[in-house]
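Read through the structure below, which is laid out as structure tokens, and then see the notes.
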Amino acid sequence: MAEAEEDCHSDTVRAGDDENESPTETDLQAQLQMFRAQWMFELAPGVGSSNSETRSCRAARGSFLKAADTKGKQELAKEEKLSARELFLKAVEEEQNGALYEAIKFYRRAMQLVPDIEFKITYTRSPDGDGVGNSYIEDNDDDSKMADLLSYFQQQLTFQESVLKLCQPELENSQTHISVLPMEVLMYIFRWVVSSDLDLRSLEQLSQVCRGFYICARDPEIWRLACLKVWGRSCIKLVPYTSWREMFLERPRVRFDGVYISKTTYIRQGEQSLDGFYRAWHQVEYYRYIRFFPDGHVMMLTTPEEPQSIVPRLRTRNTRTDAILLGHYRLSQDTDNQTKVFAVITKKKEEKPLDYKYRYFRRVPVQEADQSFHVGLQLCSSGHQRFNKLIWIHHSCHITYKSTGETAVTAFEIDKMYTPLFFSRARSYTAFSERPL
């Protein structure tokens, strides 16, 4: 009985202890559950403002790491370039000393770091000379110089006795050099090079002689006169172009240093043979040539002869080619920014000699008429060349009778027979004018 009472007493004490400790454990469990819930809430995507703050922090951290990575790569590339330059110059020095085997090793190590290190070093003297390793210029600002080559050349010019000297003779001679001429005389010579035929290709070739000629060839007055020659009063304002040269190169225009050519080929049915067993078929080929001039004149010729024999004859307007059509053209730019060429051409008039053989006979009067062709073309660019394609949009024949003054118009349908004309530049079409620009 005593042992039973002691056991009951101990159980009662343990129960009392459990009742005393249960509130504390319950609080700990509640706090743990709240912490877990808050932690899961923060980790859940797209929930609460804390998530946006976390995202912003992550983005900021990512951008910072990316910037640091980029900066580190730039510094590493700079160090590699510096070490490659030192290795390359060391190889040059070893090669000059005759240690070719050592030079090859340094060359190989330099090119493993920077493959084109040879082209990134500009020497102040020839690589074959002495002391090349001590005198070099790193070619870092080539892009900035090429961006504004005109300003760079102007800064490189020398001034002697307050007179701008465009160029200097390469070798000493006793004759008068062209650099002695004043700027006004040189500019007049350049205008003769361009001439009234607008031979701007020769001007660009002349600009490659030296820095001074390059500056003269970029003179705004020459390009302004060329633009006025092509577009007339419609190009008084320079906007939206930055220079007259840019306007001449970028604005749509017809080209004058060659001929627009189209080749048309078709098959037509021939007459039946006498015995009726077969009927011949003929393949017909012919060419259309259109040649434009800066003063507004145009020539057009349709012939089966190939360009090798026709293009040289169309160099000037004083050609003796038969069946050639002469006229005028004008450029028109619509609201849809499409440039069109409209031309009116007529057949070359020939003076017929008087026939005295039948002067006493009475002839039937022939009604005289003037015939002209109206042509409409759309100017386009094809491939890498600019303004080298003309598409037919209109072709009609106008016959005006002199006796009555009436005009008969016949419009031709633009079908597959009117193939586009493509530009072909002729090297022989250099300036041959007797007048400057």
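The values are calculated or read from the model by the stated rules, or taken from the named source; none is laboratory data. This one's a predicted model, so the numbers in the text were calculated from it and none came from an experiment. Note that we place each Cβ from the backbone using ideal geometry, even for glycine, and neighbour counts take in every protein chain shown. Ligands, DNA and RNA are excluded from the accessible area calculation, which covers all protein heavy atoms including side chains. Shrake-Rupley method; radii C 1.70, N 1.55, O 1.52, S 1.80 Å.
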(message) For a Förster distance of 51 Å, can you work out the FRET efficiency between the beta-carbons of Val239 and Thr303, rounded to the nearest 0.05?
(response) 0.70
(request) Rank-order 182-192, 213-223 by packing density, defined as the average count of other C-beta atoms within 10 Å over each peptide's residues, highest first. (result) 213-223, 182-192
(message) Quick check on my link table: of Lys348/Lys416; Lys340/Lys416; Lys340/Lys402; Lys263/Lys389; Lys229/Lys389; Lys237/Lys389, which ones sit more than 25 Å apart, alpha carbon to alpha carbon?
(response) Lys348/Lys416; Lys340/Lys402; Lys237/Lys389
(message) Could you give each residue of the range 240-255 its phi-based ³J(HN,Hα) in whole Hz, using Karplus coefficients 6.51, -1.76, 1.60 with θ = phi - 60°, and x for Gly or Pro?
(response) x, 8, 8, 8, 5, 5, 5, 4, 5, 7, 9, 6, x, 7, 7, 9
(request) Would you kindly state how much longer the chain becomes between Thr410 and Asp116 on full extension, computed as 0.36 nm times their sequence separation minus their alpha carbon distance, in nm to one decimal? (result) 99.2 nm
(message) Taking 56 Å as R0, compute the FRET efficiency from the Cβ-Cβ separation of Gln208 and Glu368 and round it to 0.05.
(response) 0.50
(message) I need the calculated FRET efficiency for the pair Trp231 and His177, taking r as the beta carbon distance and R₀ as 45 Å, to the nearest 0.05.
(response) 0.75
(message) Once you place label points 7 Å from the Cα toward the Cβ at Tyr266 and Gln31, how far apart are they in nm?
(response) 10.0 nm
(message) In whole Hz and in residue order, list the ³J(HN,Hα) couplings for the range 273-278 that follow from phi through the Karplus curve 6.51 cos²θ - 1.76 cosθ + 1.60, θ = phi - 60°; x for Gly and Pro.
(response) 5, 5, 7, x, 7, 8
(request) Just subtract the alpha-carbon distance of Gln168 and Leu274 from 0.36 nm times their residue separation and send over the number in nm, one decimal. (result) 30.0 nm
(request) Determine the gain in length on full extension of the stretch His282-Phe422; use 0.36 nm per residue of separation and subtract their C-alpha separation, reporting nm with one decimal. (result) 47.8 nm
(request) Run the accessible area of the range 148-250 with a 1.4 Å probe and give the carbon-and-sulfur part as a rounded percent. (result) 53 percent
(request) Could you check the simple spin-label distance between Thr346 and His398, using points 7 Å along Cα→Cβ, in nm with one decimal? (result) 1.1 nm
